[in-house]
Each structure stands twice: as structure tokens, then as C-alpha cells.
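Undergrad: A single structure is presented below for examination.
Please treat every number below as a calculation from the coordinates, not as lab data. All of these numbers come straight from a predicted model, not from anything done at the bench.
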Amino acid sequence: MSKIPKKYFSHDFDARNDLKIRRLRKELGAEGYGIYWMLIETLCISKNFRFPIADIDLLAKEFDVELEKLEMVVKNFSLFEIEQEYFYSTSLNSRLN
């Protein structure tokens, strides 16, 4: 069973300068950066800090973003791991455990 964090997690103050994030921002701008952080927030409250790939269309609707952009953030910048039917963030998991 996953441990549920309080209402916050540690976050580097210069996260926007991480090479992977810079590539994301170059491609998708501030919108991509916002999508990334909404995904991180979603993972924080998801069982085992993972989210089903099959349900990312629901996140696109909830975030009010194009599905293609959300898929790009999940799949194209090495920010998330994809394992079987789920995606997760190794960095987030290490911070939460």
C-alpha cells in the first residue's frame, strides 16, 4: 500500500533548468511545464504513485489540454517511466519514499 503524503512534496527550486525539463519547455513551452506538474500532482495521489496509460485521456479532459500534448509529456522527454500499463516518476517515487 502506498504511503499518502501530506499535501506537499519536496521540489527543487530550479527544476525548470533540468535538462529534460528544458527540452520539454523548448517543445511545449510553459503549457508543457504546467502539464508536467499536473501529472506529478496526479501521481502523488494515485495508488502506488502510478497512473494507467489507458486513462490519460481522462487527464487531458481534466487538465483541459490536448491529448497529444499530454501524451508527449508522458512519453517523449524521459521524465516518466512506462511499465506495463502504467507510467510513474522515479524521481517522485524516491522523494515520497
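Undergrad: Report, in listed order, any pair from 26/75; 20/61; 26/61 with a Cα-Cα distance greater than 22 Å.
TA: Beyond 22 Å between Cα atoms: 20/61; 26/61.
Undergrad: Hey, another quick one. Expressed as a rounded percentage, what relative contact order does the chain have, with Cα pairs under 8 Å and six or more residues apart?
TA: Values: 86 pairs, mean separation 32.4, N = 97.
Averaging sequence separation for qualifying contacts and normalising by length gives 33 percent for the chain.
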